[in-house]
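Asks: Once you've had a glance at the structure underneath, I'll fire off some questions.
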Amino acid sequence: MHIQISSDGYSYLPSYRPELSSYDAFLSLGAIDELQGFSNVQILRPKQKYAAEPNTYSGNFGVDAFPMHTDLAHWMLPPRYVALRAVFGSADVVTRLFDGKRLIEALGSERLARALVQPRRPVNGNKQLLRLLQSQREDGSSIVRWDSIYLQPATSNSETIYADIRAYLEKIAPIEITLLNPGDTLVIDNWRMLHGRSDCPDSAERRIIERAYLRKLL
Ligand SMILES: [Fe+2]
């Protein structure tokens with residue numbers, strides 16, 4: 001199915017093909033990106049901090065809210081699209097979205113483009129320098145990246161903007177989407193939108209979301 005994502009930076013498809021497996025549903029929307037270290041479809045469940053892998057969002061935040069971020073912001077090229085699909089949804093958890101275009105407007109494209117960050121832990125043995133905004137890439141696209149856990153400022157100049165972004169994101173009112181019914185699917189432009197998640201109360205302990213990264217959409 002062809003979905004339109006360019007105007008809003010995301011597309012929400014309620015009860016999308018619930019009869020299909022998530023793998024087949026994702027394949028019907030685009031090309032699955034096969035990333036090193038990830039299965040094609042990943043199963044996301046709420047995990048207490050102590051039960052989760054240390055270098056993951058659950059390992060950092062457990063069932064508390066996940067702050068706004070770009071998925072794999074610390075990779076040279078973060079995955080293009082993130083697709084999330086409810087297998088067992090919960091009314092008590094929301095997925096949050098915030099348009100990176102608003103972040104650029106608020107903080108200034110020049111400042112974001114100049115800000116150098118690097119992974120907090122090495123990726124493939126090195127901590128390459130990355131820009132929070134990479135605009136006018138060869139194919140005409142741009143990438144806004146943000147992550148308060150996996151990225152750290154690389155210079156004293158970028159410390160200031162890093163702190164400014166953290167403070168700004170504390171005050172935003174994100175879009176909230178509830179993945180509730182089987183097949184509820186959210187496709188996010190990961191080069192534009194930041195996303196996060198509310199906390200997971202006990203009532204959501206059986207929540208299951210499946211995720212895939214997509215290289216392109218149909
Ligand atoms: Fe994420």
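Taken together, the values in this text are just the output of simple stated rules run on the coordinates, not laboratory data. Note that the structure is a prediction, hence the values are computed from the model and not measured. So basically every Cβ, Gly included, is an ideal-geometry build from the backbone, and we count neighbours across all protein chains shown.
Asks: Can you compute the FRET efficiency between Tyr168 and Phe88 using 1/(1 + (r/R0)^6), with r the Cβ-Cβ distance and R0 = 41 Å? Round to the nearest 0.05. The partial results should precede the final answer.
Replies: On the way: r = 34 Å, r/R0 = 0.83.
So the FRET efficiency works out to roughly 0.75.
Asks: Let me ask you something else. Please work out how much length the chain gains when fully extended from Glu34 to Asp202, using 0.36 nm per residue of separation minus the C-alpha to C-alpha distance, in nm with one decimal. Don't skip to the answer; put the middle values down first.
Replies: Details: separation 168, 0.36 × 168 = 60.48 nm, distance 3.29 nm.
Once the chain is fully extended between Glu34 and Asp202, it gains 57.2 nm.
Asks: Explain nothing, just compute: Karplus ³J(HN,Hα) = 6.51 cos²θ - 1.76 cosθ + 1.60, θ = phi - 60°, for every residue of region 125-141 in order, whole Hz, x for Gly and Pro.
Replies: x, 9, 10, 5, 6, 10, 9, 5, 10, 10, 10, 6, 5, 3, 8, x, 7
Asks: HN-Hα J couplings of region 167-181 from phi, Karplus 6.51/-1.76/1.60, θ = phi - 60°, integer Hz, Gly and Pro as x?
Replies: 5, 4, 5, 5, 9, 6, 10, x, 5, 10, 10, 9, 8, 10, 8
Asks: Let me check I have the definition right: for region 43-89, take the eigenvalues of the Cα gyration tensor, multiply each by 5, take square roots. What are those semi-axes in whole Å, largest first?
Replies: Working: eigenvalues 78, 50, 17 Å².
Taking √(5λ) for each Cα gyration eigenvalue gives 20, 16, 9 Å.
Asks: Translational diffusion coefficient, Stokes-Einstein: compute it for the chain using the Kirkwood radius over C-alpha pairs as Rh, at 37 °C and 0.692 mPa s, and state it as an integer in µm² s⁻¹.
Replies: D, rounded to a whole number, is 185 µm²/s.
Asks: Ala51 to Thr155: extension gain in nm, 0.36 nm per residue of separation minus the Cα-Cα distance? Write out the running numbers ahead of the final one.
Replies: Values: separation 104, 0.36 × 104 = 37.44 nm, distance 3.45 nm.
Full-extension gain reported as 34.0 nm.
Asks: State the extension gain, in nm to one decimal, for the chain segment bounded by Ser6 and Glu176, taking 0.36 nm per residue of separation less the distance between their alpha-carbons. List each step's numbers first, then the result.
Replies: Working: separation 170, 0.36 × 170 = 61.20 nm, distance 1.85 nm.
Using 0.36 nm per residue and subtracting the Cα-Cα distance, I get 59.3 nm.
Asks: How large is the translational diffusion coefficient of region 71-110 in µm² per second when you combine the Kirkwood radius over alpha carbon pairs with Stokes-Einstein at 20 °C and 1.002 mPa s? Walk me through the numbers before you get to the answer.
Replies: On the way: Rh = 13.3 Å.
Stokes-Einstein gives a translational diffusion coefficient of 162 µm²/s.
Asks: I need the phi-derived Karplus couplings for region 51-61: 6.51 cos²θ - 1.76 cosθ + 1.60, θ = phi - 60°, integer Hz, Gly and Pro marked x.
Replies: 8, 9, 4, x, 8, 9, 5, 5, x, 8, 10
Asks: Arg197's amide H: which non-local residues (gap 5+, or another chain) put their own amide H closer than 5 Å, with H modeled 1.01 Å from N in plane and none for Pro or chain starts?
Replies: The answer is Phe66, Arg96.
Asks: Quick one: which residues, 5 or more positions from Tyr81 or on another chain, have an amide H under 5 Å from its amide H? H modelled 1.01 Å from N in the peptide plane, none for Pro or chain starts.
Replies: Asn190, Leu214
Asks: Take the Cα atoms of region 176-218, build their convex hull, and give its volume per residue in Å³.
Replies: Spelled out: Cα convex hull of region 176-218, divided by residues, is 99 Å³.
Asks: Hey, could you get me the Stokes-Einstein D for region 1-119, Kirkwood radius over alpha-carbon pairs, 4 °C and 1.567 mPa s, rounded to whole µm² s⁻¹?
Replies: 76
Asks: Something else about it: In what sequence, highest mean first, do 197-210, 26-39 appear when ranked by Cβ atoms within 10 angstrom? The partial results should precede the final answer.
Replies: Details: 197-210: 16.8, 26-39: 15.1.
Put in order of decreasing packing, that is 197-210, 26-39.
Asks: Hey, what did region 26-146 get for relative contact order, percent, Cα under 8 Å, at least 6 apart? If you can, show how the numbers build up before the last one.
Replies: Details: 105 pairs, mean separation 20.5, N = 121.
Relative contact order here is 17 percent.
Asks: If you don't mind, there's one more thing I want to ask. Using Cα pairs under 8 angstrom and six or more residues apart, how large is the relative contact order of the chain, in percent? Numbers along the way, then the final one.
Replies: On the way: 458 pairs, mean separation 91.7, N = 218.
In percent, rounded to a whole number, it is 42.
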